[in-house]
Amino acid sequence: MYIQNGDLVRIKRSFIGSKPNCLGYVYDTYPDFDDSSKTGVSIITDDGIDLGGFSYREQKEFLEFVSHTDLLYNFKNVIKLSNDFDEGYFKDVF
């Protein structure tokens, strides 16, 4: 199963100060840098840490699919992402 924009995932270890096994929301996808037929994903954690991107290979190693959500975020830039998180945009998915 491919992880997609709007999915909720569990992050298996700590990255950039996040808690191990925290939840993350996939806010964007992009063509994987190693294999453009696969998709990389960008994630923000339940406590607002932007973990950036995970390649397809990294997804298999570090992420566990939890569920699809009804929220599809239209990513513009990291400042807007941070502001949207602070304003509660993602509260219903966590």
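Being under 18 Å from residue 90 (Cα atoms), polar (S, T, N, Q) and buried (at least 17 other Cβ atoms within 10 Å of the Cβ) is the requirement here; does residue 39 meet it?
Spelling it out, it is not the case that residue 39 is under 18 Å from residue 90 (Cα atoms), polar (S, T, N, Q) and buried (at least 17 other Cβ atoms within 10 Å of the Cβ).
Filter the range 64-94 for residues that are in a loop (DSSP other than H, G, I, E, B) and among the charged types (D, E, K, R) and give the result. Steps first, answer last, please.
Let us first name the residues in the range 64-94 that are in a loop (DSSP other than H, G, I, E, B), namely 69-77, 87-94.
Of everything in the range 64-94, those that are in a loop (DSSP other than H, G, I, E, B) and among the charged types (D, E, K, R) turn out to be 70, 76, 87, 91, 92.
If you go through the range 1-45 one residue at a time, how many are more than 14 Å from residue 67 (Cα to Cα), touching a Lys or Arg at 6+ places or on another chain (Cβ under 9 Å) and in contact (Cβ under 8 Å) with a residue 40 or more places away in the chain?
Of the residues in the range 1-45, 0 are more than 14 Å from residue 67 (Cα to Cα), touching a Lys or Arg at 6+ places or on another chain (Cβ under 9 Å) and in contact (Cβ under 8 Å) with a residue 40 or more places away in the chain.
Pairs needed: first member in the range 47-63, without any contact (Cβ under 8 Å) to a residue 24 or more places away in the chain and part of a loop (DSSP other than H, G, I, E, B); second member anywhere, surrounded by 19 or more Cβ atoms within 10 Å (Cβ to Cβ) and of a type outside the set (Gly, Ala, Ser); C-beta distance under 8 Å; at least 6 residues apart or different chains.
Between residues of the range 47-63 that are without any contact (Cβ under 8 Å) to a residue 24 or more places away in the chain and part of a loop (DSSP other than H, G, I, E, B) and residues that are surrounded by 19 or more Cβ atoms within 10 Å (Cβ to Cβ) and of a type outside the set (Gly, Ala, Ser), the close pairs are 55/32.
Taking the condition in a loop (DSSP other than H, G, I, E, B), surrounded by 11 or more Cβ atoms within 10 Å (Cβ to Cβ) and more than 10 Å from the chain's Cα centre (by Cα), does residue 13 pass?
Yes.
If residue 33 satisfies all but one of (1) at pLDDT below 95; (2) of a type in the set (Phe, Trp, Tyr); (3) not in a loop (DSSP other than H, G, I, E, B), what's the number of the condition it fails?
(3)
Confirm whether residue 4 is loosely packed, with under 14 Cβ neighbours inside 10 Å and either of a type in the set (Lys, Arg) or touching a strand residue (DSSP E or B) at 6+ places or on another chain (Cβ under 8 Å) (or both).
Yes.
Looking only at the range 20-30, which residues are of a type outside the set (Asp, Glu) and either more than 14 Å from the chain's Cα centre (by Cα) or not in a loop (DSSP other than H, G, I, E, B) (or both)?
20, 22, 23, 24, 25, 26, 27, 29, 30
The values are calculated or read from the model by the stated rules, or taken from the named source; none is laboratory data. Computed from a predicted model, the values in this text were never measured in an experiment. For neighbour counting, all protein chains shown are included, and Cβ atoms are generated from backbone atoms with ideal geometry for every residue, glycine included.
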